[in-house]
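These notes are about the structure you will find just below.
The values are calculated or read from the model by the stated rules, or taken from the named source; none is laboratory data. Just so you know, these numbers come straight off a predicted model, no measurement behind them. Heads up, the Cβs are rebuilt from the backbone with ideal geometry, glycines too, and the neighbour counts pull from every protein chain shown.
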Amino acid sequence: MTQSNPRISKAVIPAAGLGTRFLPATKATPKEMLPVVDKPAIQYVVEEAVAAGLSDVLMITGRNKRPLEDHFDRNYELEEALSRKGDESRLKAVQASSDLATMHYVRQGDPRGLGHAVLCAAPHVGDQPFAVLLGDDLIDPRDPLLSRMVDVREREGGSVIALMEVDPSQIHQYGCAAVEPTADGDVVRVTQLVEKPERAEAPSNLAIIGRYVLDPAVFAILRETEPGRGNEIQLTDALQKLAADEKAGGPVHGVVFKGRRYDTGDRGDYLRAIVRLACEREDLGPEFRDFLRSYVTEEMQRN
Ligand code: UTP
């Protein structure tokens, strides 16, 4: 267990999954590159890390993930063309993604699970606490979660996970936490974690969502963690060991998130994210809301 409590500066973004729920769109394109209005989903995630003060970003990538690297790199040809045309606003938009953060990449090889993806970050992260942001999980920029988690880690040490109440019928799709309350209303102490439990076996309706602040002790545990559910090395299994044994690198706390979050790897949630974020945009929102109003009216008349 790390004794000191250094400030967190590194973010790890696993983005090496196969994205099977979004086939065929993800056959040759990473799901993280699917546009949410006019930015790829992954850019929101990197922007969130930077907003929480983490400007060293390591992305875990795999086959077909080259566009992720290109998106955060300069595109001189395009920049020159826009600059010749005097299109300053688009030029700024193109440069924004390459100026955001210091980006690093490592390939996972075979996608052997989220735990294995996080383990690929060990040489880059070293013996420091670090954040993990899942590349397909979009937290609304107006509902800050990661900075709250960083505060909790700085106060409590150990690791911090993000939890969200879900309908009990949905809990089998998530990692699930048994918790005890703390003096802070939105912070709980995690006593047990189970990956994708059946509804009857779930210890609560608190689901793990894709933000973590982890103690580097997790790496040693991941190295020993056998493949679990789905024959994948599960991050939840390693966190369960930390939660159960403070000496191994615990404790594990949870921040209960009540804001807006979208799983952009799920088709329904992806569509909801686009509609909401488009409605709220100053440039597109007014016209799009008018369209939605008349569309909904037509639908209601038909039914
Ligand atoms: P998911 O469970 O969403 O899996 O992974 P997936 O393969 O990406 O998508 P589906 O279920 O087939 O549609 C959760 C997160 O963990 C990353 C994914 O990129 C995603 O951000 N991940 C998962 C890895 O980086 N490597 C893995 O081996 C597995």
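A few remarks follow.
- Residue in segment 28-38 that is farthest from the ligand (Cβ to nearest atom), counting only those that are of a type outside the set (A, V, I, L, M) and surrounded by fewer than 22 Cβ atoms within 10 Å (Cβ to Cβ): 38
- Among the residues of segment 100-148, the ones that are away from the ligand (no atom under 13 Å from the Cβ), under 15 Å from residue 213 (Cα atoms) and assigned to a strand (DSSP E or B) come to 2 in all.
- Residue list for segment 62-85, restricted to those being over 22 Å from residue 273 (Cβ atoms) and either among the aromatic types (Phe, Trp, Tyr) or within 18 Å of the chain's Cα centre (by Cα) (or both): 62, 69, 76
- Selection of segment 68-99 for residues being part of a helix (DSSP H, G or I) and charged (D, E, K, R) yields 69, 70, 77, 79, 80, 84, 85, 88, 90, 92, 99.
- Of the residues making up segment 11-29, those that are out of contact with any Asp or Glu (no Cβ under 9 Å at 6 or more places or on another chain) and of a type in the set (Val, Ile, Thr) are 12, 20, 26, 29.
- Subset of segment 229-267 (residues that are more than 16 Å from the ligand (Cβ to nearest atom) and at pLDDT below 90): 245, 246, 247, 248, 249, 250
- For segment 5-36, the set of residues classified as part of a strand (DSSP E or B) and touching a Leu at 6+ places or on another chain (Cβ under 7 Å) consists of 10, 11, 12, 13, 14, 36, listed by residue number.
- Residue count for segment 152-195, restricted to those that are within 18 Å of residue 249 (Cα to Cα) and without any contact (Cβ under 8 Å) to a residue 12 or more places away in the chain: 1
- Residue 230 being within 18 Å of the chain's Cα centre (by Cα) and surrounded by fewer than 14 Cβ atoms within 10 Å (Cβ to Cβ): no
- Unique match (being surrounded by 13 or more Cβ atoms within 10 Å (Cβ to Cβ) and either farther than 11 Å from residue 136 by Cβ or away from the ligand (no atom under 12 Å from the Cβ) (or both)) among 15, 41, 25: 25
- Residue 93 vs. criteria over 22 Å from residue 52 (Cβ atoms) and either modelled with pLDDT of 95 or more or not acidic (Asp, Glu) (or both): yes
- If you go through segment 149-165 and keep only what is outside any helix (DSSP H, G or I) and surrounded by 21 or more Cβ atoms within 10 Å (Cβ to Cβ), you end up with 158, 159, 160, 161, 162, 163.
- Checking each residue in segment 57-71 for being crowded, with 22+ Cβ neighbours inside 10 Å and of a type in the set (S, T, N, Q) picks out only 61.
- The requirement of being free of Cβ contacts under 8 Å to residues at least 24 places away in the same chain, under 15 Å from residue 118 (Cα atoms) and within 16 Å of the ligand (Cβ to nearest atom) is satisfied by residue 226.
- Scanning segment 233-252 for residues that are out of contact with any Asp or Glu (no Cβ under 8 Å at 6 or more places or on another chain), surrounded by fewer than 20 Cβ atoms within 10 Å (Cβ to Cβ) and not basic (Lys, Arg) yields 244, 245, 246, 248.
- Count of residues meeting criterion [without any contact (Cβ under 8 Å) to a residue 40 or more places away in the chain and buried (at least 17 other Cβ atoms within 10 Å of the Cβ)] in segment 270-287: 0
- Cβ pairs under 8 Å, 6+ apart, first in segment 7-36 and within 24 Å of residue 112 (Cβ to Cβ), second more than 12 Å from the ligand (Cβ to nearest atom) and of a type in the set (S, T, N, Q): 10/128
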